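Computed from the coordinates by the stated procedures, all read-outs in this text should not be read as laboratory data. From a predicted model like this one, the values you see are computed outputs, not experimental measurements. Cβ atoms come from the backbone with ideal geometry, glycine included; neighbour counts cover every protein chain shown.
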Amino acid sequence: MCGIIGVLSMGSKKDDLKTEIMRFLFTELLQVTEERGKDATGMSALFSDGMSYLQKGPVTATEFIGNLGDDEASYNMFMKNCTEYTKDNDTFLKLFIGHCRKSSVGGAFDNVNNHPIKVNEIIGVHNGTLENHNKIFTNLGCKRDGVVDSEAIMRLLDYHTNYCTEPFTIEGLEETARRLEGAYSVIAYNANNPYQLCMMRKERPFELALLKELGILLISSDKAFFLKALYQYNKMAYLFRDTYKPVKVTDVEAYTLPLDNVGIIDLTKEVTVDTTIDDLIIKKDVFKATKIWKMPPKKHVYYGAGYNNRADTGKKNDTKSTTNTTTGAAAKSAEVFKGKVFSKKLNAYVDETSVEVAKTEGAKVIEVASGKVQNVGKDNLVDFTEVKQQELKANIQPVPIIFNEVKTVDSSFAEALKASMEQENYRTRYSSGKEVTEAFDIKNIDTLDSIPAFALINKAKEVIYKEAFVDGAMWFKENHVKEETVTQENPTKAVRIAKQVVEIFGTVIEQLANGKTEDFAAKIFAELQKRKNTELTLDNIRQVFSKGNTMSCKALVALEDVI
């Protein structure tokens, strides 16, 4: 678990006060995000002329921010340099991005593994874990600076912007997402194009908040972090800094980037009171995009005459492939083995990939009992024609041909048929045999050439059926399944929400009765923070309590303001 942070200046106007406010909000967000990762902290700043600053280290956010002084590596000098750089020219600060890291792949002691990650002019942060990062580097054929898996994402972004010479595109981000296997929330910029920020999400949290009066867009891994940072900002605005404009609840739009989405934020767009976050971004759902460059499925494979296409039963004819550890010369000869196939002729397990070697050097055999690797000479070549292979069987039924028959079609079926015809843009077209082997989990291109046509069609049918089934389920849910609402028809949820509101008010009243004089709204805020209940939203509150209730009850008004 890590935390990502973004503070973005929307529009194209230079504003020194706005820059100061961005510094304050970024510092507060970085501080509260520490709970998501304490192994390393980092930040980067981008300016309107493409200049960028980057600083990171294997310390907590508290230590990172607390590193104050005249040293160039101190936090306050980084912020001072950001201000000084914009003083005597027309450039201005466009954004800050930051990261609090909890290490997974690549130790934090090596600073190259910490975030932000820089590849060419791509600088970005990532929360999550990739399973296929090694494969990405292999397929791209590019260098690798560190061990951290996140570098693979930045390498892909570099590749899909033609090595930072072109802007981000939705198509390029989709192609990047197709090659990522794992979980991620990502934000990144290209310093050659300081007018965009790209974002990607799968399985990890990704929250945005638009401060309309300030023209600032915030990004975080947790909505609660926005509340804490804005609480500190408003305290500063009301008590200490008259130049700061307080942020009201009505001036803030909160937004969660949907799962399996990629998007681009246009940093040139101006913000007004009527602007929504959807006006500032373009995004695309890439859930249906076929994944490539995937890792092999983690499963046991059974071979040989005893293969019976069922789970282990403990019977003698259940023959399982084995693994082997050797040393010295034997280990060197065993390096070529990637899997074993049972040969009736040799009555032993042999490597399927050693056929070409066997033709010139003699067959290599791995004895089942001892695991010993040995050459058996050209006179005893492995007879792979004797290897029993699993065949894909299809239950094919004749399709009846009907002439001149008129059928009435259910309206929902017609809607589904129309929706399926609109999915053309989501269909994946393969451009190489390698992509086909990865999409269908086929061992390699050589294997692909040797697979019978009927078996390949059956494999394609299996993959396509799964995708079509998921597509259909998603379409049905979006068009025919109504979300749970808190109406009289669904009293259970209404009772839950009413009960939670009463519990909050009861706790706050009890505290006030005991002489605790803090602000009523502050106490409500504290109770909400303890609960972190996603059901207590403005829409749900207003469906449970009438408008008359909320207008006449100051406690409900305070609760709505805090939410």
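If you keep only loop residues by DSSP, which trypsin sites (Lys or Arg not before Pro) in region 134-241 have at most 10 other Cβ atoms within 10 Å of their Cβ?
Working: sites: 135, 143, 144, 155, 178, 179, 201, 202, 212, 223, 228, 235, 241; in loops: 143, 144, 179, 212, 241.
When the trypsin sites (Lys or Arg not before Pro) of region 134-241 are filtered for loop state and at most 10 Cβ neighbours within 10 Å, 143 remain.
Loop-located trypsin sites (Lys or Arg not before Pro) in region 2-44 (DSSP state not H, G, I, E or B) with no more than 14 neighbouring Cβ atoms inside 10 Å: 13.
Pull out the extension gain between residue 12 and residue 72, defined as 0.36 nm times the separation in residues minus the alpha carbon to alpha carbon distance; nm, one decimal.
Gain on stretching residue 12 to residue 72: 18.7 nm.
Please label the shape of region 83-184 as rounded, prolate or oblate, based on the square roots a ≥ b ≥ c of the eigenvalues of the alpha-carbon gyration tensor (a/c under 1.5 means rounded; beyond that, a/b larger than b/c means prolate, else oblate). Let's see the in-between values first.
Numbers: a/c = 2.09, a/b = 1.36, b/c = 1.54.
It comes out oblate by the Cα gyration axes.
The C-alpha atoms of region 134-240 occupy a region whose extents along the principal axes are 56, 27, 25 Å, arranged from largest to smallest.
Amide H contacts of residue 149 (H built 1.01 Å from N, in plane; Pro and chain starts excluded): 105 sit under 5 Å, all sequence-distant by 5 or more or on other chains.
Beyond 36 Å, how much of the Cα-Cα pair distribution for region 3-285 remains, as a whole percent? For region 3-285, the share of Cα pairs beyond 36 Å comes to 9 percent. With θ taken as phi - 60° and the Karplus curve 6.51 cos²θ - 1.76 cosθ + 1.60 applied, the whole-hertz 3J(HN,Hα) list for region 199-215 is 9, 9, 9, 8, 6, 9, x, 8, 10, 10, 9, 9, 9, 5, 5, 9, x Hz, x standing for glycine and proline.
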